[in-house]
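Chemist: One structure is given below, represented as structure tokens, and several questions about it will come after.
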Amino acid sequence: MRLSSFFTFILVAIHLVSYSQLKPEDTEQWLPEPKIITFLGSNLVPSDAIILFDGKSLSNFENDKGGIPLWDLKDGIITIAKDRGDIKTKQKFGSFQLHIEWRTPSIIDGDGQYRGNSGVFIQERYEVQVLDCFNNKTYVNGQAGAIYKQTPPLVNASKKPGEWQIYDIVFNAPKFFLDSTLAAPAFITVIHNGVLIQNHTEIKGLTLWQGKPYYKAHGKAPLVLQGHGNLVSYRNIWVRELE
Ligand code: MG
């Protein structure tokens, strides 16, 4: 055996011996302890969440021009008022976990993109489509749970019109260099009624109705709910900031 091979053999042997000598507790981590979460109210909202809408008031929202939101609040739910535009949160958000419940009208009115259309616009720019997609054909990257005009949902987990549906969303905000060029795109995971429909999907930029997506640098921004003219309702909305 050459001398260098001999030393390599010795080093590997020492490494194997020291590795095998690790005790189980040597690989245990005790600190810092994860924060303890409790669950509040009948909606079981996590104690570290920011409640955006709990059925009582729209005080955390404004209309798209900065005034009082004009959607209808009744019986603990908000419903899009026709021709009253979008509503948006007063607070701006970066990365977050979002829980939001929505319902399209039980009385079917319209087809395709005109049946129960609304949308969850993250950071005012990136739309997770809300649409009645129970027996309603449309382009697949525009159906419920699509990253609009970019990525269709993995499956169609839509409930019947008139039934409450849930989106649980994890959003990692895009990052930009100081010169405003893109450092890292946004990524999104969406669970629709308990079913994974977007699995760490890369967002390619603005979710435009017309034209290819592109990024334009921005910071934290509001969450917007789209007023598309259909009587879509929302309830139980909360976020947990991830930064
Ligand atoms: Mg929409």
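Chemist: By the scheme Lys and Arg +1, Asp and Glu -1, what is the net charge of all other residues having a beta-carbon under 12 Å from that of D54?
Modeler: Spelling it out: positives minus negatives among the neighbours equals +1.
Chemist: Moving to a separate point now. What ratio of Cα Rg to 2.2 N^0.38 Å holds for segment 29-241?
Modeler: 1.01
Chemist: Once amide H atoms are built 1.01 Å from N in the peptide plane, which residues 5 or more positions from E127, or in another chain, come under 5 Å H to H?
Modeler: Long-range HN contacts for E127: I122, Y148, T207.
Chemist: While we're here: For Q91 and K74, calculate 0.36 nm times their separation in residues minus their Cα-Cα distance, and state this gained length in nm to one decimal. Could the numbers behind the result be given before it?
Modeler: Details: separation 17, 0.36 × 17 = 6.12 nm, distance 2.31 nm.
Result for the pair: 3.8 nm of gain on full extension.
Chemist: What are the lysines whose alpha-carbon lies under 21 Å from the alpha-carbon of K149, with same-chain residues fewer than 8 places away excluded?
Modeler: Here the lysines satisfying the reach criterion relative to K149 are K137, K204, K212, K216.
Chemist: Still on this model: Rounded to a whole number, what % of the accessible area of the chain do carbon and sulfur atoms account for, probe 1.4 Å?
Modeler: Answer for the chain: carbon and sulfur cover 57 percent of the accessible area.
Chemist: Which of the lysines could be linked to K90 by a straight reach, that is with a Cα gap under 17 Å, when you skip same-chain ones fewer than 8 residues away?
Modeler: K56, K65, K220
Chemist: Are there GluC sites (Glu not before Pro) in segment 22-84 that DSSP puts in a loop and that have at most 16 other Cβ atoms within 10 Å, and which ones?
Modeler: Numbers: sites: E25, E28, E62; in loops: E28.
For GluC sites (Glu not before Pro) across segment 22-84 that sit outside H, G, I, E and B with at most 16 neighbouring Cβ atoms in 10 Å, the list reads E28.
Chemist: Here's something else I'd like to know. Straight-line reach from K159: which aspartates and glutamates fall under 14 Å, measuring Cα to Cα and dropping same-chain residues less than 8 apart?
Modeler: E101, D132
Chemist: Same structure again: Be a star and scan segment 210-243 for residues whose amide nitrogen sits under 17 Å from the point 7 Å along the Cα-to-Cβ vector of K35.
Modeler: 238-243
Chemist: Per residue, how much accessible area does segment 136-243 have with a 1.4 Å probe, in Å²?
Modeler: In whole numbers, segment 136-243 has 49 Å² accessible per residue.
The values are calculated or read from the model by the stated rules, or taken from the named source; none is laboratory data. Here the structure is a predicted model, which means the values were calculated and not measured. Backbone-built Cβ (ideal geometry, glycine too); neighbour counts: all protein chains shown. In case anyone asks, the SASA skips ligands and DNA or RNA and just uses the protein heavy atoms, side chains included. Shrake-Rupley method; radii C 1.70, N 1.55, O 1.52, S 1.80 Å.
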